[in-house]
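K.L.:
Okay, handing you the structure first.
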Amino acid sequence: MQVLQAGAHKILLLELDPELVSNLAKQAGFDSKIADTDRALVLELSATEREAPLLLFDAADPGNLGWFSRCQFYVDARTGTVLQTPLQLANQKDRGGRPLPHTVRVQIIKELPPNFRLPGKQPVTEQVVYSVLFNFLQALTNVGVGVCGAGIVRPLAGRVEAPAGRN
């Protein structure tokens with residue numbers, strides 16, 4: 001990790017190892033394609049061995065209350081930001097524009113403000129980011145990740161469409 005300074009501005013620059021990230025994804029049960037850019041590490045993750053969709057559910061739906069109570073990660077549906085992490089999530093879509101149930105895109109932000117803290121006020125290091133990423137991937141396959149609000153990120157599991165109204 002480096003601290004970059006330009007005048008009064010400081011940025012934490014994470015130095016993430018794409019090979020280690022790929023191994024973490026494989027351990028969590030995902031096939032991955034990784035693109036390493038200056039500002040982020042972008043992972044296209046696919047859980048082709050899974051029969052059920054990834055556990056990305058609508059946190060506001062009362063039908064998903066059991067999942068909501070046990071999840072540890074929440075995604076802001078408008079921005080794709082995984083709350084209190086340097087991660088962003090996006091659905092992968094088929095030709096018809098519908099989200100693919102076994103595939104997502106995760107972006108790990110490399111440039112962070114110096115006061116960025118993870119839950120528990122834990123400072124950011126590469127090792128902590130690897131741990132958070134692995135836990136997030138495990139949550140997508142085992143525990144559940146809540147989608148908060150409506151926006152660009154769509155739920156993949158649970159009741160994904162609102163019930164139809166009566167005539």
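The values are calculated or read from the model by the stated rules, or taken from the named source; none is laboratory data. Note that the structure is a prediction, hence the values are computed from the model and not measured. Note that each Cβ is placed from the backbone with ideal geometry, even for glycine, and that neighbours are counted across all protein chains shown.
K.L.:
Scanning the stretch 30-49 for residues that are part of a loop (DSSP other than H, G, I, E, B) and in contact with a Ser or Thr (Cβ under 7 Å, 6 or more places away or on another chain), which turns out surrounded by the most Cβ atoms within 10 Å (Cβ to Cβ)? Before you say what the answer is, go through the steps one by one.
P.N.:
Start the filter on the stretch 30-49 by keeping residues that are part of a loop (DSSP other than H, G, I, E, B), which leaves 30, 37-39, 47-49.
Now narrow it down to the ones that are in contact with a Ser or Thr (Cβ under 7 Å, 6 or more places away or on another chain): 30, 47.
Values: F30: 25, A47: 21.
Here the residue is F30.
K.L.:
Another one. Within the stretch 115-125, which residues are in a loop (DSSP other than H, G, I, E, B), surrounded by fewer than 19 Cβ atoms within 10 Å (Cβ to Cβ) and among the hydrophobic types (A, V, I, L, M, F, W, C)?
P.N.:
Correct list: F116 only.
K.L.:
Hey, does the stretch 96-111 have a residue that's without any contact (Cβ under 8 Å) to a residue 40 or more places away in the chain and of a type in the set (V, I, T)?
P.N.:
Within the stretch 96-111, none of the residues are without any contact (Cβ under 8 Å) to a residue 40 or more places away in the chain and of a type in the set (V, I, T).
K.L.:
Still on this model: Tell me, yes or no, whether the stretch 21-29 has at least one residue that is touching a strand residue (DSSP E or B) at 6+ places or on another chain (Cβ under 9 Å) and either modelled with pLDDT under 95 or part of a loop (DSSP other than H, G, I, E, B) (or both).
P.N.:
Yes, that holds for at least one residue.
K.L.:
Okay, next question. Would you call T85 β-branched (V, I, T), within 24 Å of M1 (Cβ to Cβ) and in contact with a helix residue (DSSP H, G or I) (Cβ under 9 Å, 6 or more places away or on another chain)?
P.N.:
Criteria met by T85.
K.L.:
Does Q84 satisfy the condition of being within 15 Å of the chain's Cα centre (by Cα), part of a loop (DSSP other than H, G, I, E, B) and of a type outside the set (D, E, K, R)?
P.N.:
Yes, satisfied.
K.L.:
Among the residues of the stretch 89-100, write down those that are of a type outside the set (A, V, I, L, M, F, W, C) and either part of a strand (DSSP E or B) or over 21 Å from D58 (Cβ atoms) (or both).
P.N.:
Result: N91, Q92, K93, R95, P99.
K.L.:
Among the residues of the stretch 101-114, what is the count of those that are assigned to a strand (DSSP E or B) and under 15 Å from the mean Cα position of the chain (by Cα)?
P.N.:
Total satisfying the criteria: 9.
K.L.:
Which pairs turn up if I take residues in the stretch 48-69 that are closer than 16 Å to T141 by Cα and look for partners that are surrounded by 15 or more Cβ atoms within 10 Å (Cβ to Cβ) and at pLDDT below 70 with beta carbon separation below 8 Å, at least 6 apart in sequence or on another chain?
P.N.:
L55/W67; F57/N64; F57/W67; F57/F68; F57/V160; D58/N64; D58/V160
K.L.:
On the basis of being part of a loop (DSSP other than H, G, I, E, B), closer than 15 Å to G144 by Cα, out of contact with any helix residue (DSSP H, G or I) (no Cβ under 9 Å at 6 or more places or on another chain) and of a type outside the set (S, T, N, Q), does P53 make the cut?
P.N.:
Numbers: part of a loop (DSSP other than H, G, I, E, B): yes; closer than 15 Å to G144 by Cα: yes; out of contact with any helix residue (DSSP H, G or I) (no Cβ under 9 Å at 6 or more places or on another chain): yes; of a type outside the set (S, T, N, Q): yes.
Yes, satisfied.
K.L.:
Additional query: Pairs, please: C-beta under 6 Å, at least 6 apart or cross-chain, first residue at negative phi and touching a residue at least 12 places away in the same chain (Cβ under 8 Å) and in the stretch 72-91, second crowded, with 19+ Cβ neighbours inside 10 Å and of a type in the set (G, A, S)?
P.N.:
Final answer for the pair search is F73/A139; Y74/G146; Q88/G80; L89/G80; A90/G80.
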